[in-house]
Amino acid sequence: MVLDVRLPGKSGLDFQHELNAADMHVPIIFLTGHGDIPMSVRAMKAGAAEFLTKPFREQDLLDAVQTALDGDRLNLEDEKLTATLRQRFASLTPREQMILTLVVAGRRNKQIAFEIGISEVTVKVHRTNLMRKMQASSLADLIAMATKLGIPKKSAAILGRTGGL
């Protein structure tokens, strides 16, 4: 979206604020002939892709639009991946989710078995199932997925809440 800072009725910055409040995140490029540094800082902190002051070269605007579109495309792909990972995580049983959390926290199968009171063979079965459901090809892949989901941050809360499971 290309916006002038001075719009009829309300400012482009106010419009940007309303879009953000409505959780509508679109790349915005601001144009202005009356901008100052605090105005540009406010726009950029609120997520503007670019802030161009008039006069500007046409190529600068074209470059800004291309950069904003590329960034938005990457954000959409990232959101799609995160949604897919959330669906996969939700498909895990509560026990598999617990074991995933412990694996990501660095626990070995034997430690997990002791902590939650099951056999090591059962931990291995759950671990195999969660790897398949998460479509992880390796432990490193699983950890990357868990990190994307914020599981390392959740691990401390889960482990603390259950008294070490």
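Observations, loosely collected:
- Single condition LEU85 does not satisfy, out of (1) within 30 Å of GLN135 (Cα to Cα); (2) exposed (fewer than 14 other Cβ atoms within 10 Å of the Cβ): (2)
- For the stretch 87-95, the criterion of being among the hydrophobic types (A, V, I, L, M, F, W, C), in a helix (DSSP H, G or I) and closer than 16 Å to VAL26 by Cβ is met by no residue.
- Every pair of residues 6+ apart whose Cβ atoms lie under 7 Å, when the first sits in the stretch 117-130 and is in the same structural domain as LEU142 (by TED's automatic domain parsing) while the second is not in a helix (DSSP H, G or I): LEU130/LEU92
- The listed residue being surrounded by 13 or more Cβ atoms within 10 Å (Cβ to Cβ) and assigned to a helix (DSSP H, G or I), out of VAL125, VAL121: VAL125
- Residue that is without any contact (Cβ under 8 Å) to a residue 24 or more places away in the chain and assigned by TED's automatic domain parsing to the domain that holds ILE151, where the choices are ARG95, ARG73, ARG57, ARG107: ARG107
- Residue, farthest from ASP72 (Cα to Cα), within the stretch 12-41, restricted to residues that are touching a helix residue (DSSP H, G or I) at 6+ places or on another chain (Cβ under 9 Å) and surrounded by fewer than 17 Cβ atoms within 10 Å (Cβ to Cβ): MET24
- Scanning the stretch 98-118 for residues that are surrounded by 15 or more Cβ atoms within 10 Å (Cβ to Cβ), of a type outside the set (A, V, I, L, M) and closer than 14 Å to THR147 by Cα yields a count of 1.
- Unmet criterion (only one of (1) free of Cβ contacts under 8 Å to residues at least 24 places away in the same chain; (2) farther than 18 Å from ALA144 by Cβ; (3) assigned by TED's automatic domain parsing to the domain that holds LYS148) for ASP63: (3)
- Matching option when the condition is at pLDDT 90 or above, of a type in the set (Gly, Ala, Ser) and part of a helix (DSSP H, G or I), among ALA48, ALA64: ALA64
The values are calculated or read from the model by the stated rules, or taken from the named source; none is laboratory data. Model, not experiment: these values are computed from the prediction. Every residue, glycine among them, receives a Cβ derived from its backbone with ideal geometry; neighbour counts consider all protein chains shown.
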